[in-house]
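Structure first, then comments.
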Amino acid sequence: MQIKAAVLRAADGPYRIEDVELPAPRAGQVLVRIAGAGLCHTDLLPRVPGFLAAPPIITGHEGSGVVEAVGPDVTDLVPGDHVVLSFDSCGHCANCLAGHPAYCETFFPRNLTGHDPDGEQPVLDDGGAAIAARWFGQSSFASHSVVAARNAVKWRPAASA
């Protein structure tokens, strides 16, 4: 699916709005149309030389939006659900099972590299080159994001009115 994203191509350069190719959600994932995202100081980390994540990258977390599609095995969310996005976690390490996903044993590779935890890099620019697009499991500086369903928290739109 072709989407728009704010891509950081150089640590000292500006973000540029680009067309990128986003894959369909896989098992346990959902496609979210992003409605809003906050800017956090951690979104600046890929500008630091030698940091885990490097350009080209789509950053952004603290995203929210509407589920547009669900991958296989997703049962708690359906298209049309409004969600707030969280950081990624494995869901099965000792810390996750104890209810402490912020201390997930794979927190750093899942959230601070911009890469898919299974090593895949499915987001491509218009030239076919890979772009890191799993910042905090979401890379929400984009029109759409594919995220783990367990990290999408359903909420009622009326709750913010």
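The values are calculated or read from the model by the stated rules, or taken from the named source; none is laboratory data. Bear in mind the structure is a predicted one, so any value in this text is a computation, not a measurement. Because the Cβ atoms are built from the backbone with ideal geometry, glycine has one as well, and the counts that use them run over all protein chains shown. The protein model used for the area step is the full one, side chains on, heavy atoms only, and it has no ligands, DNA or RNA in it. Shrake-Rupley method; radii C 1.70, N 1.55, O 1.52, S 1.80 Å.
Descriptive notes on the structure:
- Label-zone membership for region 37-59, site A102, 7 angstrom Cα→C-beta point, backbone N under 17 Å: 40-43
- Mean Cβ neighbour count within 10 Å, used as a protection proxy, ranking 73-79, 148-154, 127-133, 55-61 highest first: 55-61, 148-154, 127-133, 73-79
- Solvent-accessible surface ranking, highest first, for H82, H100 at 1.4 angstrom: H100, H82
- Tensor-based shape of region 47-161 (alpha-carbon gyration tensor, a/c under 1.5 rounded, otherwise prolate or oblate): oblate
- Charge context of H61, other residues only, Cβ under 11 angstrom, K/R +1, D/E -1: -2
- Length added when fully stretched, N95-E68, from 0.36 nm per residue minus Cα-Cα: 6.7 nm
- Rounded, prolate or oblate (a/c below 1.5 giving rounded, otherwise prolate when a/b exceeds b/c) for region 12-70 by Cα gyration tensor: prolate
- The chain, accessible area per residue, ligands and nucleic acids excluded (1.4 Å, Å²): 49 Å²
- Within the accessible area of the chain (1.4 Å probe), percent carbon and sulfur: 59 percent
- Legend: Rg and Dmax of region 42-93, from Cα coordinates, 14.9, 41 Å.
- Take the Cα of M1, go 7 Å toward its beta carbon, and the backbone nitrogen atoms of region 130-152 under 11 Å from that spot belong to 143-147.
- Rotationally averaged projected area of region 1-104 (alpha carbon convex hull; nm²): 7.8 nm²
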